[in-house]
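The values are calculated or read from the model by the stated rules, or taken from the named source; none is laboratory data. Quantities reported herein were computed from a predicted structural model and do not represent experimental measurements. We place every Cβ from the backbone using ideal geometry, glycine too, and count neighbours over all the protein chains shown. Side chains included, ligands, DNA and RNA excluded: accessible areas come from the protein's heavy atoms. Shrake-Rupley method; radii C 1.70, N 1.55, O 1.52, S 1.80 Å.
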Amino acid sequence: MDILQRDQHYPVPKGASDILGVEFAGVVEEVGPKVERYKKGDRVFGLVYGGAYAEYVTISEHMAMSIPEQFTFQQATAIPEVWFTAYQALFLINDLKEGEDVLIHAGASGVGLSAIQLAKKAKAKHIIVTAGHEDKLAFCKSLGATDGVNYKKEDFQQKVQEITNGKGVNAIVDFIGAGYWDKNLASLAVDGRMVLLAFLQGKSNMAPILLKRLKIQGSTLRSRSLEYQIALRNHIEKEVLPGLVDGSLKLIIDKEFGWEDIAEAHRYMESNQSMGKIVVNVTK
Ligand SMILES: NC(=O)c1ccc[n+]([C@@H]2O[C@H](COP(=O)([O-])OP(=O)(O)OC[C@H]3O[C@@H](n4cnc5c(N)ncnc54)[C@H](OP(=O)(O)O)[C@@H]3O)[C@@H](O)[C@H]2O)c1
């Protein structure tokens, strides 16, 4: 999102700061007159509509979360976007249930690594991931993926059919869009669900949507209302944060950069090498 916005391909939501960045961790500097949950000096983190690369951000007290004492600022700031997105994609949109099969594309992306762990926690049966490198697939498997497909060498549609005995998966989390459209539809089981989170371009063969009664939904977290985001935040605080604190869910930080190296941080993300979050330290 930061890269798209930097290149002027991501419209900033109305009223949001046009400074890059949507997640942060820091110390409360000042609170409004009606704020009850936090006071100056509290350590908080959260998701904002924009401006998180700045030294100061503003956030609704209902969206902010207290940083668990075990976590550093760097760990806390790596939580919101990937865990909110993965939780929303699997459960609020795809309605994934115990015993179902799921296909997660870009498995070693920050969102993908969170989705794998949440699918495992929800007791999904087959958690199939795609990635462009064997090391990435191995890492996905270490976190709970049951099957990996190197999309540069193998056909994921064929692998899904083999793994599910021709049934297809119940849910797909997709970031790729047009390039995967036909294969995604072919990979879904009857009554399957798919969420498109990035790069949807054009359309293709729509027939399986009708014949298999598929549900397909696009979503961007940033376009969601404050009420929706607060409800999602509450799910994360109750259902995900305790797992991150007790270590049953792993917080994956790939690399940290200093603020003065932000261009290098962007280049690193664009190189597709990362597995997990890239954290930038902004200091006064
Ligand atoms: N809609 C939303 O609400 C929402 C919220 C959060 C994130 N997103 C989007 O979700 C995606 C993942 O975010 P992230 O922060 O987790 O990303 P990330 O950690 O930077 O990982 C992205 C990974 O996607 C894979 N990839 C890139 N281009 C690809 C292509 N053309 N075909 C197949 N795989 C490709 C690469 O892995 P390989 O080496 O395996 O190819 C890359 O490492 C981004 O596109 C982001 O903008 C959307």
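Holding the Cα-Cα limit at 29 Å, pick out from LYS97/LYS277; LYS167/LYS238; LYS125/LYS152; LYS125/LYS238; LYS39/LYS238 the pairs that are longer than that.
Distance filter (> 29 Å) returns LYS167/LYS238.
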Counted charge near LEU221, where neighbours are those whose Cβ lies closer than 13 Å (Asp, Glu -1; Lys, Arg +1)
+1
For the stretch 11-64, state which GluC sites (Glu not before Pro) are in a DSSP loop and have at most 13 other beta carbons lying within 10 Å of their beta carbon.
GLU29, GLU30, GLU36, GLU55
Those chymotrypsin sites (Phe, Trp or Tyr not before Pro) in the stretch 1-88 that DSSP places in a loop and that have at most 12 other beta carbons within 10 Å:
TYR56
Placing +1 at every Lys and Arg Cβ and -1 at every Asp and Glu Cβ, with all other atoms neutral, what dipole size does the stretch 223-274 have around its Cα centre, in debye to the nearest 20?
240 debye
Among LEU197, ALA145, ILE163, the residue whose Cα sits farthest towards the positive end of the charge dipole of the stretch 94-218, when +1 is placed on the Cβ of each Lys and Arg and -1 on the Cβ of each Asp and Glu, is LEU197
Local net charge near VAL27, Cβ-Cβ under 9 Å (Lys/Arg +1, Asp/Glu -1)
0
For the stretch 94-218, the dipole about the Cα centre with charges only on Cβ (Lys and Arg +1, Asp and Glu -1), to the nearest 20 debye, works out at 200 debye
Low-density loop trypsin sites (Lys or Arg not before Pro), the stretch 1-34, at most 13 other Cβ within 10 Å, DSSP non-H/G/I/E/B, are LYS14, LYS34
Along principal axes, Cα extents of the chain, largest first, whole Å:
58, 36, 36
Suppose every Lys and Arg Cβ carries +1 and every Asp and Glu Cβ carries -1, with no other charges. What dipole size does the chain come out with about its Cα centre, to the nearest 20 debye?
800 debye
Based on the alpha-carbon gyration tensor of the stretch 126-169 and its eigenvalue square roots a ≥ b ≥ c, which shape applies: rounded if a/c is under 1.5, prolate if not and a/b is larger than b/c, or oblate?
oblate
Distance between the stretch 109-156 and the stretch 37-75 - C-alpha centres, whole angstrom
30 Å
Hey, any idea what % of the chain's accessible area is carbon plus sulfur with a 1.4 Å probe?
52 percent
P(r) of the stretch 94-218 over all Cα-Cα pairs, 10 Å bins starting at 0, rounded to whole percent, reads 14, 51, 32, 3
